[in-house]
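Undergrad: The structure that follows is given in the form of structure tokens.
Any read-out appearing in this document is the output of simple, stated calculations on the displayed coordinates, not a laboratory observation. Keep in mind that what you see is a predicted model, and the values were worked out from it rather than measured. Here Cβ is always computed from backbone atoms with ideal geometry, including for glycine, and neighbour counts include all displayed protein chains.
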Amino acid sequence: MGRASATSPPLARLILYVKNVPKLAQFYQRFFGLQPLPGATPSWLELAGDAPGCTIALHRTRVARKSGAATKLVFGVVDVKAFKRAREKQGLKFGVVHEVDGIEFCNAKDPSGNSISISSRGLKTSV
């Protein structure tokens, strides 16, 4: 597939349907430095980082959903191993760091069971 055309809308946010909005917000604030955006309600909180891009919206749901079934949040980091070490000291456990075609990545789960990954894809040319 080629690059998106200039008329393609940007990805604005990823919505996670969760039972405990404050717990998930604290997780993404602590480990990824995301901060709440204005307009939060008891059932909706949107988080963003310092760099422009997609936000994460936490939407409270009472209906049980299969956690992490079809969604993975990928955070771009230049040094995957260093980021992993720093976050593991804070209590976030990742799997092994994979290295494929000069790209490093590793996976974890948030407290609701959603898949998350840290990846150097597109951020450096060699490992």
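Undergrad: Among the residues of the stretch 27-36, how many are assigned to a strand (DSSP E or B) and either loosely packed, with under 14 Cβ neighbours inside 10 Å or under 13 Å from the mean Cα position of the chain (by Cα) (or both)?
TA: So the count comes out to 1.
Undergrad: Mind listing whichever residues of the stretch 85-127 are within 20 Å of Leu34 (Cα to Cα), among the charged types (D, E, K, R) and either touching an Asp or Glu at 6+ places or on another chain (Cβ under 9 Å) or part of a strand (DSSP E or B) (or both)?
TA: Within the stretch 85-127, just Lys109 meets the criteria.
Undergrad: Look at Arg60 and say whether it is charged (D, E, K, R) and more than 15 Å from Leu73 (Cα to Cα).
TA: Here the answer is yes, as Arg60 does meet what is asked.
Undergrad: Here's something else I'd like to know. Looking only at the stretch 37-55, filter to residues that are surrounded by 15 or more Cβ atoms within 10 Å (Cβ to Cβ) and touching a Lys or Arg at 6+ places or on another chain (Cβ under 7 Å); which one of those is farthest from Ala12 (Cα to Cα)?
TA: Glu46
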